[in-house]
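Below is one structure, written out as structure tokens; comments come after it.
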């Protein structure tokens, strides 16, 4: 059974890294309690995550510039910052282990000395954190229980783990796939994932064989673990939207904070894919499949096949890869669920603006959980004059008729924009960012979430024939404010 590690104690109910949070986590029977260490000015080892006391204590001074007596004056009793030596006796008996996390290698040796001086059994303590800190711990003791940090979707080699001889390989869950878990297990090591705070990721972690999860949501995780089965796999749109929204938020963080380590080409030298595209798609596919195992999945990078009568997820993990690979902050994540050719829900995540667009069919559109409706201000002139219409290239070339459409729009004093993400070009219309967008070739992987969101925001969505169609099976798609629909379609229709 998967183990549960309480991140900084029971931090969802009590102030993190305090005696109160730690004892609460022990009392509910978690497997590990993770704490963080810092050094004071006078060399005392304290339990604190941040380098300063600003976030939790309102003191901007770095911890290493304060003495223990100065720090001790903050808070009261169980709510204050504790010493490591005060925490260790809590783990002398019982089955809960202490996991000591150190991001600063400079405190590793001193921390180990404190542990040695205590009466807490060594087998009740494990160590994780910075790789250099773990090397120091290993040099202090061959018996120490070490968790090796690993930030790669590729498995470590025998050589990678030889020096540390870790019990666990400890990764952010976004790097983990079922294949990676199996490879690490084949090396004789366990896998720990951090930080898992939602039921969908927890469900996925249990199903692919992860050995331990670190979580801020201790009680909720234990409740999931003790339930007879994880929540249902039926077509529950509210649950599916919660899943899609959570994945979109996670993808925003990944795209915004993790740069591409590798860039490869697919169909041609302009058709790029990065390690981030692949990483996001693998994780989303596994989490969706763990939550809804009867559903179908079609992705940009790992494909899939249409299956009639089966709810199907369509994913573009990173629309605008060329922008991303070239350092241009204009790319997005798109995830849609459809039954046959009827879209049921869609989420578009814009990492650069921290935005989540979403819609469930028939329930309206939302931007960051606030209702979204297309607005249009009449200007007493041609409906297209002074407006912006977006489009995207077909790969790296104009689509047939695009240049003609550009010229005709210019004759109507309307500007065309090409920004590099078809998903954002379409969904932007729902937020009244431009009056319309035309894509030369519709793909449900790239565009389905956006067409549903625009439709639910009150926009017009039509195919090449001018029929309302959120899921065209051939040709392009046009989305726009209702007031410009006739004029814009006439120009598009005449362009080819």
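Bear in mind that the values in this text are calculations on the coordinates, not laboratory data. Remember, it's a predicted structure, so these values are computed and weren't measured experimentally. Cβ: placed from backbone, ideal geometry, glycine included. Neighbour counts: every protein chain shown.
What to note about this one:
- Each DSSP beta bridge with both residues in segment 381-473 is either parallel or antiparallel, and the antiparallel ones are about 20%.
- Under conditions of 20 °C and 1.002 mPa s, the chain yields 86 µm² s⁻¹ as its translational diffusion coefficient, taking Rh as the Kirkwood radius over Cα pairs in the Stokes-Einstein equation.
- Calculated P(r) of segment 229-321 - Cα pairs past 16 Å, %: 58 percent
- Crossing angle, helix 444-456 versus the chain [Cα axis fit, 0-90 degrees, rounded to tens]: 80 degrees
- Ordering of 315-326, 10-21 by packing [mean C-beta count within 10 Å, highest first]: 315-326, 10-21
- Considering every alpha-carbon pair of segment 357-429, the percent of pairs per 5 Å bin, from zero through the bin containing the longest distance, is 3, 13, 18, 18, 17, 14, 12, 3.
- For segment 41-159, the Kirkwood radius over C-alpha pairs fed into Stokes-Einstein at 4 °C and 1.567 mPa s yields D = 83 µm² per second.
- Helix 108-117 vs. the chain, principal-axis angle (Cα, 0 to 90°, nearest 10): 40 degrees
- Angle between the chain longest axis and helix 402-411 axis [Cα atoms, degrees, rounded to 10]: 70 degrees
- Our summary gives segment 166-209 a relative contact order of 47 percent, counting only alpha carbon pairs under 8 angstrom and 6 or more residues apart.
- Among 446-456, 253-263, the order from most to least packed when residues are scored by Cβ within 10 Å on average: 446-456, 253-263
- The value obtained for segment 120-245, namely the Cα convex hull volume divided by the number of residues, is 134 Å³ per residue.
- When all alpha carbon pairs of segment 407-451 are counted in 10 Å bins from zero, the resulting P(r) reads 26, 52, 21, 1 %.
- Compactness of segment 57-127 is given as radius of gyration and Dmax, 13.6, 37 Å, from Cα positions.
- Spherically averaged projected area of segment 262-372 from its Cα convex hull (nm²): 7.8 nm²
- Largest first, the extents of the alpha carbon coordinates of segment 88-145 on the three principal axes equal 30, 18, 18 Å.
- For segment 388-494, the Kirkwood hydrodynamic radius comes to 13.2 Å, computed from all pairs of different C-alpha atoms.
- Relative contact order of segment 262-372, defined on C-alpha pairs under 8 angstrom at six or more residues apart (%): 16 percent
- Overall dimensions of segment 3-226 by Cα: Rg and Dmax, Å: 17.0, 50
- Annotation: the antiparallel percentage among DSSP beta bridges lying fully within segment 3-226 is about 15.
- Packing-based exposure ordering (other Cβ within 10 Å, fewest first) of 423, 195, 274, 289: 195, 289, 274, 423
- Sorting 384, 74, 39 by the number of Cβ atoms found within 10 Å of their own Cβ, with the fewest placed first, yields 74, 39, 384.
- For the chain, the relative contact order comes to 9 percent (Cα pairs under 8 Å, sequence separation of at least 6).
- Ranked list, fewest to most other Cβ atoms within 10 Å of each Cβ, for 47, 348, 59, 213: 59, 47, 213, 348
- Residue-averaged [θ]222 nm for the chain, counting only DSSP H segments that reach four residues, each worth -39500 (n - 2.57): -9000 deg cm²/dmol
- In terms of its C-alpha gyration tensor, segment 1-92 comes out prolate, because a/c is 1.5 or above and the ratio a/b outweighs b/c.
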